[in-house]
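Read through the structure below, which is laid out as structure tokens, and then see the notes.
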Amino acid sequence: MRLSPIPLARGLRRWREALLVAALTVSTLVILPSAPASADALVVRDADDDAVRQSSSTFATGDFGTDLRSVRFEHRAAAVEAVAVLDPGVPVLGVLEIDVDGDGNRDFFLAGAALAVDPGPVPGAPLNTVPCAGASTSEISGAARSLRFTVPRRCLDFPATVSMRVGILSSRSDPETGANTVVTDVAPDARADGAPVFTRALPVATVRATTAPPEPVISVRPSATSQPVGGPAVRLRVRVSRRAGGAIVVREGSSVLARTTIRPGRAAVVRLPSRLAVGVHRLVVEFVPRAPRRFSSASATISIRVTR
């Protein structure tokens, strides 16, 4: 990012506006686990030593411990997200800028946990924050230090596409002059005239909808509702709709009492054990499909009384 001091000064004013919001919400910065990247992510690599340090009298580019390494941008079904990898050590404030209409200007920006609407090129225009539960900036510390920005799509009125950019800022005293200096870095890099550059328009990440296979109806007709201990066993006549084939399993709790196969369009007969204990037995008759992609499982419950 090779910029002249004059355009950069104009750009810094926009950053200071955003960072007013961040300063009020910096206490909301929390440590959270990182989210896995999707196949629809866009990764922007930032150049080395391209951070800008500026004071009232000096201007320089370099690392300064406030250098972005890369940013991963994603437009998910529920939220837009950016994960910025940066140098460890120096405390920074981060801002995510979002363009929702493709005109190359930011419409929203996130600083800390506050989402704001850009007031446009109006001198002294107040910042308009947007109530947005779930908007956050979180930090993952350590050698692989990163900032993660998350904005729910509902807070942006569910845009079809978004373009984004990330910037970080640190403020410190110049060790040589004692003057207050500001160090900034952005990705994607700004143009030579200081104009912002956003990512290409990112559509909503592809969501592969899965439809559960149809559940057949299982019907069970017992030959009797009771059986004597050691006497003739009850037989269960089982039918399954949708011409589904597979297995019929009879369970009591975790115990399997009987099993047989059932052919498509046919009835299956299952004989219960003849030596069930005296009492009432609540049995689950389950259908297990041979083709689970075409049919789901189904079950029915019956009660059989065993007498002396």
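The values are calculated or read from the model by the stated rules, or taken from the named source; none is laboratory data. All figures in this text were calculated on a predicted structure; none of them were measured in a lab. Positions of Cβ are generated from backbone atoms using ideal geometry, with glycine treated the same way; all protein chains shown enter the neighbour counts. Please note that ligands, DNA and RNA were not included when accessible areas were found on the heavy atoms of the full protein model with its side chains. Shrake-Rupley method; radii C 1.70, N 1.55, O 1.52, S 1.80 Å.
Is it fair to say Leu272 is in contact with a His (Cβ under 9 Å, 6 or more places away or on another chain) and either open to solvent by less than 50 Å² (accessible area, probe 1.4 Å) or over 18 Å from Ser223 (Cβ atoms) (or both)?
Yes, satisfied.
Name the residues in the range 243-265 that are of a type outside the set (D, E, K, R), without any contact (Cβ under 8 Å) to a residue 24 or more places away in the chain and either in a strand (DSSP E or B) or open to solvent by less than 60 Å² (accessible area, probe 1.4 Å) (or both), would you?
Once the filter is applied, which keeps residues that are of a type outside the set (D, E, K, R), without any contact (Cβ under 8 Å) to a residue 24 or more places away in the chain and either in a strand (DSSP E or B) or open to solvent by less than 60 Å² (accessible area, probe 1.4 Å) (or both), the range 243-265 yields Ser255, Val256, Ala258, Thr260, Thr261, Pro264, Gly265.
Could you grab the pairs with beta carbons closer than 8 Å, sequence gap of 6+ or different chains, first residue in the range 118-135 and closer than 15 Å to Cys155 by Cβ and in a loop (DSSP other than H, G, I, E, B), second one modelled with pLDDT of 80 or more and open to solvent by 80 Å² or more (accessible area, probe 1.4 Å)?
Asp118/Asn105
Tally the residues that are at pLDDT below 90, among the hydrophobic types (A, V, I, L, M, F, W, C) and open to solvent by 20 Å² or more (accessible area, probe 1.4 Å), restricting the search to the range 66-91.
Of the residues in that region, 3 qualify.
Just the residues that are out of contact with any Leu (no Cβ under 7 Å at 6 or more places or on another chain), open to solvent by 20 Å² or more (accessible area, probe 1.4 Å) and outside any loop (DSSP other than H, G, I, E, B), please, taken from the range 153-166.
Arg153, Arg154
Restricting to the range 133-144, name every residue that is surrounded by 21 or more Cβ atoms within 10 Å (Cβ to Cβ) and among the aliphatic types (A, V, I, L, M).
Hit for the range 133-144 is Ala135, nothing else.
Of the residues that sit in the range 179-222 and are touching a Leu at 6+ places or on another chain (Cβ under 8 Å), open to solvent by 50 Å² or more (accessible area, probe 1.4 Å) and at pLDDT 85 or above, which one is nearest to Ala244 (Cα to Cα)?
Filtering first and then ranking leaves Arg221.
Quick one: what pairs do we get from the range 50-67, first residue under 16 Å from Pro88 (Cα atoms) and among the hydrophobic types (A, V, I, L, M, F, W, C), second in a loop (DSSP other than H, G, I, E, B) and open to solvent by less than 20 Å² (accessible area, probe 1.4 Å), C-beta under 6 Å, 6+ apart or different chains?
From residues that are under 16 Å from Pro88 (Cα atoms) and among the hydrophobic types (A, V, I, L, M, F, W, C), the pairs are Ala51/Thr66; Ala51/Asp67.
Only residues that are surrounded by fewer than 24 Cβ atoms within 10 Å (Cβ to Cβ), of a type in the set (A, V, I, L, M) and assigned to a strand (DSSP E or B): list them for the range 99-114, please.
Ala114, the sole residue that qualifies.
Out of the residues in the range 43-65 meeting the condition of being surrounded by 19 or more Cβ atoms within 10 Å (Cβ to Cβ) and within 28 Å of the chain's Cα centre (by Cα), tell me which one is modelled with the lowest pLDDT.
The qualifying residue modelled with the lowest pLDDT is Asp46.
May I ask you to verify whether Thr307 is open to solvent by 70 Å² or more (accessible area, probe 1.4 Å), at pLDDT 90 or above and polar (S, T, N, Q)?
No, not satisfied.
Given (1) more than 30 Å from Ile302 (Cβ to Cβ); (2) at pLDDT 85 or above; (3) in contact with a strand residue (DSSP E or B) (Cβ under 7 Å, 6 or more places away or on another chain), where does Thr225 come up short, assuming only one miss?
(1)
Please pick out the residue among Leu169, Leu147 that is over 25 Å from Leu202 (Cα atoms), of a type outside the set (D, E, K, R), open to solvent by less than 70 Å² (accessible area, probe 1.4 Å) and in a strand (DSSP E or B).
Working: Leu147 fails: over 25 Å from Leu202 (Cα atoms).
On inspection, the qualifying residue turns out to be Leu169.
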